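Beneath this line is the structure, given in structure tokens, with notes to follow.
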Amino acid sequence: VSMLLMAVIVGCMHGVNFVLIGMVPRQFRRFGRVGLVSGALNSCTYLGSALSTYGIAVLSVSMGWGGTIALWLCLSVACGGILLADILPVIAEGKQLFHGGGNLAGNLSTSQLGIFSDDLFVYGLTHS
């Protein structure tokens, strides 16, 4: 069970990384800054990873692993609540979350995601 849950957690982390590094920068295509935005977000990912490694070590020493995990749980619930409060009205109105089409209702196809194209991380969604 533990290994299955760890696999789910890793999958979720990769999904967030894909959206941040592959799809969000596409919004800057008209300015010609897709690579800049993608690189800046990717560098923030590495910086956050390095800082959290040190921070988790400090937390685990001062609060123990039980306190550290409780803090992670509280932060996850708070961030999930903020996300839902922000996205639920968008879903209720049926608005698109990304300019290339698709919303959280799941009408993105593999061709729209560009899964089989070389420009997956450059444009995120296919060109319109």
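The values are calculated or read from the model by the stated rules, or taken from the named source; none is laboratory data. Quick caveat, the model's predicted, so the values are computed rather than measured. Quick reminder, even Gly has a Cβ in these numbers, built from the backbone with ideal geometry, and neighbours come from all protein chains shown. Protein only, heavy atoms only, side chains kept; ligands, DNA and RNA dropped before computing areas. Shrake-Rupley method; radii C 1.70, N 1.55, O 1.52, S 1.80 Å.
Values for this structure:
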{"quantity": "Solvent-accessible area, 1.4 Å probe, carbon plus sulfur percent, for region 1-103", "calculated": "75"}
{"quantity": "Peptide ranges 41-53, 15-27 listed from the most packed, as the mean C-beta count within 10 angstrom indicates", "calculated": "15-27, 41-53"}
{"quantity": "Cα gyration tensor of region 1-73 - equivalent ellipsoid semi-axes, whole Å, descending", "calculated": "31, 17, 8"}
{"quantity": "Virtual spin-label span in nm between V90 and M6, 7 Å along Cα→Cβ", "calculated": "3.3"}
{"quantity": "Phi to ³J(HN,Hα) by Karplus 6.51 cos²θ - 1.76 cosθ + 1.60 over region 33-43, Hz, x for Gly, Pro", "calculated": "10, 4, x, 4, 5, 4, x, 5, 5, 5, 5"}
